[in-house]
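Participant: Handing you this structure, nothing more for now.
The values are calculated or read from the model by the stated rules, or taken from the named source; none is laboratory data. Only a predicted model underlies this, so the values are computations on that prediction, with no experimental measurement involved. A quick note on method: Cβ atoms are made from the backbone with ideal geometry, for glycine too, and the neighbour counts reach across all protein chains shown.
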Amino acid sequence: MHLGEREVTSMSDADLLALRRGPVSYVFQSFGLVPILTARENVGVPLRLRAVDGEERERRVTEALEHVGLGGHGEHRPDELSGGQQQRVGLARALVAEPGLLLADEPTGQLDSETGREIMGLIARLAKERAMTTLVTTHDPALLSVADRVLEIADGHLVDPA
């Protein structure tokens, strides 16, 4: 299996770690936020792991929060945010690393249908703006219209689209 020009199935653990901290970012269904950290601190975690200097980190965190519509919520902790806001923080955290590939596992699974559509629309818009490949899993057929391409998996196998 390749990611761009890189063969990933034979990578060492260290190379896989670097890949996960670099060109690949994740958005989790359960938000995956650290409860004791503010939204700003949660978004900054990937940059801290990459040892991005403080001034650059703060600039990118501010930009990422503004991009997802949460510029005024940086000092809130996860329990002070709605589910949709928490998912936006998770999306900002994934985007702050400027990934080439965004993997989103049921990013709307814990959201109401309207907020889910907003999050999917935001992911689609940002993917286009950033020329970023995005792979989203969902069980919600209402969200399929946002996708450029839809693949179906049934019983663990890819369903032939023909």
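Participant: Name the residues in segment 50-68 that are crowded, with 20+ Cβ neighbours inside 10 Å and in a loop (DSSP other than H, G, I, E, B), would you?
Facilitator: Val68
Participant: Still on this structure, I have one more. Condition test on Gln85, is it in contact with a helix residue (DSSP H, G or I) (Cβ under 6 Å, 6 or more places away or on another chain) and among the polar types (S, T, N, Q)? Outline the logic, then answer.
Facilitator: On the way: in contact with a helix residue (DSSP H, G or I) (Cβ under 6 Å, 6 or more places away or on another chain): no; among the polar types (S, T, N, Q): yes.
For Gln85, the condition - in contact with a helix residue (DSSP H, G or I) (Cβ under 6 Å, 6 or more places away or on another chain) and among the polar types (S, T, N, Q) - is not met.
Participant: Right, next: Under 7 Å between Cβ atoms, which residue pairs at least 6 apart in sequence (or on different chains) link something in segment 112-124 that is at positive phi with a partner that is of a type in the set (S, T, N, Q) and surrounded by fewer than 17 Cβ atoms within 10 Å (Cβ to Cβ)?
Facilitator: none
Participant: Consider Glu41 carefully, then state whether it is under 13 Å from the mean Cα position of the chain (by Cα) and among the charged types (D, E, K, R). Break it down into steps so the answer makes sense when it comes.
Facilitator: Values: under 13 Å from the mean Cα position of the chain (by Cα): no; among the charged types (D, E, K, R): yes.
So Glu41 does not fit the description; no.
Participant: Does segment 13-24 contain at least one residue that is in contact with a Ser or Thr (Cβ under 7 Å, 6 or more places away or on another chain) and more than 22 Å from Leu122 (Cβ to Cβ)? Give the derivation first.
Facilitator: The first filter runs over segment 13-24 and keeps only residues in contact with a Ser or Thr (Cβ under 7 Å, 6 or more places away or on another chain), leaving none.
Checked segment 13-24: no residue is in contact with a Ser or Thr (Cβ under 7 Å, 6 or more places away or on another chain) and more than 22 Å from Leu122 (Cβ to Cβ).
Participant: Here's a follow-up. Output the residues belonging to segment 88-137 that are touching a strand residue (DSSP E or B) at 6+ places or on another chain (Cβ under 6 Å) and of a type in the set (S, T, N, Q).
Facilitator: Selection gives Thr133, Thr134, Thr137.
Participant: Another question, then. Of the residues Val27, Val61, Val68, which single one is free of Cβ contacts under 8 Å to residues at least 40 places away in the same chain and in contact with a Lys or Arg (Cβ under 9 Å, 6 or more places away or on another chain)? Break it down into steps so the answer makes sense when it comes.
Facilitator: Details: Val27 fails: free of Cβ contacts under 8 Å to residues at least 40 places away in the same chain; Val68 fails: free of Cβ contacts under 8 Å to residues at least 40 places away in the same chain.
Among Val27, Val61, Val68, only Val61 is free of Cβ contacts under 8 Å to residues at least 40 places away in the same chain and in contact with a Lys or Arg (Cβ under 9 Å, 6 or more places away or on another chain).
Participant: Determine which member of the set Gly32, Gly44, Gly22 is touching a Pro at 6+ places or on another chain (Cβ under 9 Å) and within 25 Å of Val136 (Cβ to Cβ).
Facilitator: One residue alone meets the criteria, Gly22.
Participant: For residues in segment 103-137 being of a type in the set (S, T, N, Q) and over 14 Å from the mean Cα position of the chain (by Cα), which is farthest from Val24 (Cα to Cα)?
Facilitator: Ser113
Participant: Sticking with this structure for a sec: Of the residues Thr108, Thr133, Thr137, Thr38, which single one is closer than 26 Å to Leu158 by Cα, touching a residue at least 12 places away in the same chain (Cβ under 8 Å) and touching an Asp or Glu at 6+ places or on another chain (Cβ under 6 Å)? Break it down stepwise before answering.
Facilitator: Numbers: Thr108 fails: touching an Asp or Glu at 6+ places or on another chain (Cβ under 6 Å); Thr133 fails: touching an Asp or Glu at 6+ places or on another chain (Cβ under 6 Å); Thr38 fails: closer than 26 Å to Leu158 by Cα.
Selected residue: Thr137, the only one of Thr108, Thr133, Thr137, Thr38 that is closer than 26 Å to Leu158 by Cα, touching a residue at least 12 places away in the same chain (Cβ under 8 Å) and touching an Asp or Glu at 6+ places or on another chain (Cβ under 6 Å).
Participant: Give the residue, chosen from Arg125, Arg149, that is modelled with pLDDT of 85 or more, surrounded by fewer than 18 Cβ atoms within 10 Å (Cβ to Cβ) and not in a helix (DSSP H, G or I).
Facilitator: Sole residue among the options that is modelled with pLDDT of 85 or more, surrounded by fewer than 18 Cβ atoms within 10 Å (Cβ to Cβ) and not in a helix (DSSP H, G or I): Arg149.
Participant: Here is a check on your reading of the model: is Leu47 in a loop (DSSP other than H, G, I, E, B), over 22 Å from Ala124 (Cβ atoms) and not small (Gly, Ala, Ser)?
Facilitator: On the way: in a loop (DSSP other than H, G, I, E, B): no; over 22 Å from Ala124 (Cβ atoms): yes; not small (Gly, Ala, Ser): yes.
Criteria not met by Leu47.
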